[in-house]
1. With the checklist (1) surrounded by 24 or more Cβ atoms within 10 Å (Cβ to Cβ); (2) assigned to a loop (DSSP other than H, G, I, E, B) in hand, flag the one item Pro187 doesn't pass.
2. Can we say Thr146 is in contact with a strand residue (DSSP E or B) (Cβ under 7 Å, 6 or more places away or on another chain) and more than 18 Å from Val117 (Cα to Cα)?
3. Checking the structure you have, find out if any residue of the range 169-180 is within 30 Å of Met230 (Cα to Cα), of a type outside the set (D, E, K, R), in contact (Cβ under 8 Å) with a residue 40 or more places away in the chain and part of a strand (DSSP E or B).
4. Name, by its number, the condition in (1) among the polar types (S, T, N, Q); (2) in contact with a strand residue (DSSP E or B) (Cβ under 9 Å, 6 or more places away or on another chain); (3) closer than 30 Å to Asp58 by Cβ that does not hold for Ser153.
5. Taking the range 221-257 as the search range and keeping residues that are assigned to a loop (DSSP other than H, G, I, E, B) and open to solvent by 40 Å² or more (accessible area, probe 1.4 Å), which one is farthest from Leu206 (Cα to Cα)?
6. Which residues, counting only those in the range 258-307, are open to solvent by less than 10 Å² (accessible area, probe 1.4 Å), in a loop (DSSP other than H, G, I, E, B) and within 21 Å of Phe214 (Cβ to Cβ)?
Amino acid sequence: MLLNEVIDLLKEQDSLLLFKNARKVRDSIFDRSIFQRGVIEFSNHCRKNCHYCGLRMDNKALGRFSMDRSSILATVRIAIESGMGTIVLQSGEQDSSGFEHIGFIIKEIKKNTELAVTLCLGDQSEDTYKLWRDCGADRYLLKAETFDEKLHSCFRPGQSIKRRLKNVETLQKLGYETGSGIITGLPGMTVEILAEDLLKLSRLALDMIAVGPFVPHPCTPLGKNVPGAMDESLRAVALLRIMNPLCNIPSTSALDALSAQGRELGLYAGANVIMPSITPEQVRAGYTIYPGKNSSTISVKETIGKLQQRVCNAGYQLSSLQGKSPNKNEQDQEFINVQ
């Protein structure tokens, strides 16, 4: 797809045909099955100061927490009982010394369950990525947020998109199913920048792509800005589905922050994955990337059950499979054929 085509579709007032085509592509690969990934947000400590994120280091109003090994593994058991096929270990970014227990937890999960393990732990050294891969981690999500160098360096101070892309390349080299993604509607993001972002994402040969709207957090430098537009974010989901038919694309929690039916709308636009937070209710409210994220005080099982019911009511079937990337399956088969 050409840049001008993407720009025109992002500007289109009536996107019903775009969404219909995206669903047709999704259903041709995944039918009406929706993969379930349970996200354990085990720590909100972060060394970064990203201007859009409530976990930023300079947010002194945030009470910090870290779950211990036993609490994390107990939550994993709840995920299995609730039909999850993948567990996602997510945290604010720390250096590797803050993640000494991650390798142990990965090994325990892989030894005792059939779950796939996804990590979302930010920028790390190649040695750390390799260690976690050797422990059994299957996937890694490292979002870019935007590929525009000016916006990226502005909203992610001290960081560069080149470093981020180098880490994505490293993860792919190590054999991870690799994911990245963007935020739509960031302050200063034009339709042209968003279109370029969508095309650049699609050139990375990713296994997972996550996209969601900007939701301002009051304890950040961007707290007084307006949220991203829901329609624009949904168009981005649909375009990414059409350009990346084999990718796993989640209907993100940020969509729910803007609409009570946000996740259903994401599925309507071509997503094929849900990723409910299964962080224990005792600490869940402390993982506030944006307002509305983890605001519920109901139990983990109730949280999962409510989202599962919404997906079923929307006419989809829940899958408890790991949901391995079709891209990865093709790569594995090519490797076998070469051998």
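The values are calculated or read from the model by the stated rules, or taken from the named source; none is laboratory data. Here the structure is a predicted model, which is why all the values come from computation and not from measurement. When we count neighbours, we look across all protein chains shown, and the Cβ atoms used for this are built from the backbone with ideal geometry, even at glycine. Protein only, heavy atoms only, side chains kept; ligands, DNA and RNA dropped before computing areas. Shrake-Rupley method; radii C 1.70, N 1.55, O 1.52, S 1.80 Å.
1. With (1) surrounded by 24 or more Cβ atoms within 10 Å (Cβ to Cβ); (2) assigned to a loop (DSSP other than H, G, I, E, B) applied to Pro187, the lone miss is (1).
2. Answer is yes for this residue.
3. Yes: the range 169-180 contains one or more residues that are within 30 Å of Met230 (Cα to Cα), of a type outside the set (D, E, K, R), in contact (Cβ under 8 Å) with a residue 40 or more places away in the chain and part of a strand (DSSP E or B).
4. Tallying (1) among the polar types (S, T, N, Q); (2) in contact with a strand residue (DSSP E or B) (Cβ under 9 Å, 6 or more places away or on another chain); (3) closer than 30 Å to Asp58 by Cβ, Ser153 fails exactly one: (2).
5. Lys224
6. If the condition is that a residue be open to solvent by less than 10 Å² (accessible area, probe 1.4 Å), in a loop (DSSP other than H, G, I, E, B) and within 21 Å of Phe214 (Cβ to Cβ), then Ala269, Gly270, Ala271, Tyr287 are the ones that fit.
To keep it simple, each residue is scored yes or no on (1) out of contact with any helix residue (DSSP H, G or I) (no Cβ under 7 Å at 6 or more places or on another chain); (2) open to solvent by 20 Å² or more (accessible area, probe 1.4 Å); (3) outside any loop (DSSP other than H, G, I, E, B); (4) in contact (Cβ under 8 Å) with a residue 40 or more places away in the chain.
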{"position": "Glu114", "(1), (2), (3), (4)": "yes, yes, no, yes"}
{"position": "Thr118", "(1), (2), (3), (4)": "yes, no, yes, yes"}
{"position": "Asp127", "(1), (2), (3), (4)": "yes, yes, yes, no"}
{"position": "His152", "(1), (2), (3), (4)": "no, no, yes, no"}
